[in-house]
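Scroll down for the structure; my scribbles are underneath it.
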Amino acid sequence: MKVYQGKCVVGGIAIGKIALVKENLPQEQNQDVLTPEEELERFQNSKAKAIEEINALHQKALKEIGEEEAMIFEVHAMMLEDLDYNEFIEEKIAQGQSASHALLEAREYFSTLFAQMDDEYMKERSADILDISNRVLKILSGVVEREIKEPSIILADDLSPSQTLQLDRSCFLALVTRYGSNNSHTAILARTMGIPACIQMHYDESVDGEVAILDSESGKLYVNPSEQLLKEFTEIQERKAKEQEELQAYIGKPTLTQSGKKIMLYANIGNLEDAKSALQNDAEGIGLFRSEFLYLQKNTYPSEDEQFEAYKEVLELMGGKKVVIRTLDIGADKKIDYFDLDFEENPALGYRAIRICLDRKEIFKTQLRALCKASVYGKLAVMFPMITSLWEVQEIKKILQEVQNELKEQGLEYDENLELGVMIETPASALIAQDLAKEVDFFSIGTNDLTQYTLALDRQNPKLERFANPYHPAIFKLIKMVVDAGHQNNCWIGVCGELAGDLKVCEELIGLGVDELSVSPAMILSLRKRILLIK
């Protein structure tokens, strides 16, 4: 038996045969180079076919995995039309190179360019360059991908989103990659598909076709396991499946501790499909609607009407349950080309979230108008991200009042008792929570960023993972400070970061006085079960 160690992305157990998926990269072929005009035509025809394939994948992704994940294919189509990328290839062809050779050079040049950037988000675009270039190269070269016909543990260097989607989803037992990060496409897609996944596992390619066990929680891949080990993990798998079935019994139960304390158990969402999943898992409301996904999936600013319809749909779907919508939170690890943001040495400490909104007020006012107009269709609460100072909240409220006055003059309705809240994501906001609580109705503690800023580390930097301790005592002291300040001023307190769904600290958070926990829809019932056991 061989055992390989990797890093967990999605926990779970998979048992089955290994299928090695290698990127069948076309190399320069020994063929006669045609005239520049003919080679250019070959490139343009292959590119057009590649865009057709990408558009088809986009439609498939929309149906199978949702808008947020499907957006990557829109990005790929745009990248294939990029002026710099195309001019580079066309210039090489004009100099007498074949279309294939010109593409190989473009792939190398642009993927290296992105890989060497400091910004983690831009680094991830290197994989996209490889993906789009390889797609066109394969069309030029007539390369056919391997077909997987039975449920398998998929091993790859770093599976591209198009590879993942082109493979039959019924054949995915688990995903394992040599490279990648927590933010790679493989990780995101594995979470969405709900299958076990590991990254950064340096396996031997000779394992292709062998029977294996992936215990992704421990990050271990057991190849050719003993009958005894197979039996043990099969029993664990069966027990976990039974536990999932038993969780259905918690649908409809009130989320109460044994002492009778009511906890609001809400869901984090990014779109309407996520909201449907939240209802299926019996969420009591939406604690975080990430409105930036409306911007991320567009090529230009979403209009007031587009935003209004998106908010209205979710509010109506939730049928009177509270929906907390976070205003635009871009910058740092979430970049949008049409915002034309400058390069920053340290974007996590830079121009992001509410700082952009207060600076570009027309964008902010458009969103606030859409939110106010939608507020009559359900129970809406609005919260503002990345708050560090009292004046920011006061300015936000002034802008909101201007918007509401304009709506009133136009005879348009809105909820005049709209709940307002702020994200507590920095030590600064935690330390002035007493002052902030006098201005708002609730706090939502974003523990991912609060950990990042409290411990002075960039959570996008994989070298810092061992230093990123979400259980650091400083985090819990800040949470307690925020809870006390909020309750003294009649504010309710929620937690919407990863800590909210951590069953190990659930009791501690509730002991600190937290009123609401907002987690991924899939975590709702497990968390309710845990809360019902708390004394």
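The values are calculated or read from the model by the stated rules, or taken from the named source; none is laboratory data. Not measured: the values here are computed from a predicted model. Virtual Cβ from ideal backbone geometry, glycine too; neighbours counted across all protein chains shown.
Would segment 485-500 turn up any residue that is surrounded by fewer than 21 Cβ atoms within 10 Å (Cβ to Cβ) and under 23 Å from the mean Cα position of the chain (by Cα)?
Looking for residues that are surrounded by fewer than 21 Cβ atoms within 10 Å (Cβ to Cβ) and under 23 Å from the mean Cα position of the chain (by Cα), one finds at least one in segment 485-500, hence yes.
Applying the selection to segment 1-25, what residues are over 26 Å from Ala522 (Cβ atoms), at pLDDT below 90 and not hydrophobic (A, V, I, L, M, F, W, C)?
Lys22, Glu23, Asn24
With a cut-off of at least 3 residues that are at pLDDT below 95 and within 30 Å of Gln244 (Cβ to Cβ), name the helices (runs of 4 or more DSSP H) lying wholly within segment 440-535.
The helices (runs of 4 or more DSSP H) meeting that bar are 447-454, 524-532.
Counting only residues that are at pLDDT 90 or above and either among the hydrophobic types (A, V, I, L, M, F, W, C) or under 30 Å from Met71 (Cβ atoms) (or both), how many does segment 26-41 have?
1
For segment 357-366, indicate whether the set of residues that are of a type in the set (A, V, I, L, M, F, W, C) and either more than 27 Å from Ile432 (Cα to Cα) or outside any helix (DSSP H, G or I) (or both) is non-empty.
Yes, some residue in segment 357-366 is of a type in the set (A, V, I, L, M, F, W, C) and either more than 27 Å from Ile432 (Cα to Cα) or outside any helix (DSSP H, G or I) (or both).
Val440 - would you say it is in contact (Cβ under 8 Å) with a residue 40 or more places away in the chain and closer than 26 Å to Glu395 by Cβ?
Yes, satisfied.
Yes/no per residue for (1) among the acidic types (Asp, Glu); (2) closer than 25 Å to Ala456 by Cβ:
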residue: Ala381; (1), (2): no, no
residue: Phe384; (1), (2): no, yes
residue: Thr388; (1), (2): no, yes
residue: Glu392; (1), (2): yes, yes
residue: Leu400; (1), (2): no, no
residue: Asn405; (1), (2): no, no
residue: Glu413; (1), (2): yes, no
residue: Leu418; (1), (2): no, no
residue: Glu425; (1), (2): yes, yes
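Can you name every residue in segment 323-355 that is over 21 Å from the mean Cα position of the chain (by Cα) and in contact (Cβ under 8 Å) with a residue 60 or more places away in the chain?
Phe343, Glu344, Glu345, listed by residue number.
Given the condition touching a Pro at 6+ places or on another chain (Cβ under 9 Å), within 23 Å of Gly287 (Cβ to Cβ), crowded, with 17+ Cβ neighbours inside 10 Å and not assigned by TED's automatic domain parsing to the domain that holds Tyr179, answer yes or no: does some residue in segment 394-407 qualify?
Looking for residues that are touching a Pro at 6+ places or on another chain (Cβ under 9 Å), within 23 Å of Gly287 (Cβ to Cβ), crowded, with 17+ Cβ neighbours inside 10 Å and not assigned by TED's automatic domain parsing to the domain that holds Tyr179, one finds none in segment 394-407, hence no.
Go through segment 204-217 and report how many residues are over 17 Å from Ile148 (Cβ atoms) and in contact (Cβ under 8 Å) with a residue 40 or more places away in the chain.
5
Take the conditions buried (at least 22 other Cβ atoms within 10 Å of the Cβ) and either touching a residue at least 12 places away in the same chain (Cβ under 8 Å) or at negative phi (or both) and apply them to Leu380. Does it pass?
Against the criterion (buried (at least 22 other Cβ atoms within 10 Å of the Cβ) and either touching a residue at least 12 places away in the same chain (Cβ under 8 Å) or at negative phi (or both)), Leu380 qualifies.
Quickly run through segment 280-309 and pick out the residues that are free of Cβ contacts under 8 Å to residues at least 60 places away in the same chain and among the aliphatic types (A, V, I, L, M).
Across segment 280-309, the qualifying residue is only Leu294.
With the condition kept exactly as written, say whether any residue in segment 244-258 is in a helix (DSSP H, G or I), surrounded by 14 or more Cβ atoms within 10 Å (Cβ to Cβ), in contact with a helix residue (DSSP H, G or I) (Cβ under 7 Å, 6 or more places away or on another chain) and at pLDDT 90 or above.
Taking every residue of segment 244-258 in turn, at least one turns out to be in a helix (DSSP H, G or I), surrounded by 14 or more Cβ atoms within 10 Å (Cβ to Cβ), in contact with a helix residue (DSSP H, G or I) (Cβ under 7 Å, 6 or more places away or on another chain) and at pLDDT 90 or above.
On the given criteria, is His472 within 28 Å of the chain's Cα centre (by Cα) and either closer than 29 Å to Leu256 by Cβ or not polar (S, T, N, Q) (or both)?
Against the criterion (within 28 Å of the chain's Cα centre (by Cα) and either closer than 29 Å to Leu256 by Cβ or not polar (S, T, N, Q) (or both)), His472 qualifies.
Among the residues that make up segment 442-450, is at least one of them crowded, with 23+ Cβ neighbours inside 10 Å, within 28 Å of the chain's Cα centre (by Cα) and among the acidic types (Asp, Glu)?
no
Being loosely packed, with under 12 Cβ neighbours inside 10 Å, within 28 Å of the chain's Cα centre (by Cα) and closer than 30 Å to Leu57 by Cβ: is that true of Gly194 here?
yes
Just one of (1) at pLDDT below 90; (2) under 16 Å from Val3 (Cα atoms) trips up Asn182, so point out which.
Result: Asn182 passes all but (2).
Say we look at segment 279-299 and pick out the residues that are outside any loop (DSSP other than H, G, I, E, B) and farther than 25 Å from Phe364 by Cβ; which of these is modelled with the lowest pLDDT?
Taking the candidates together, the pick is Gln280.
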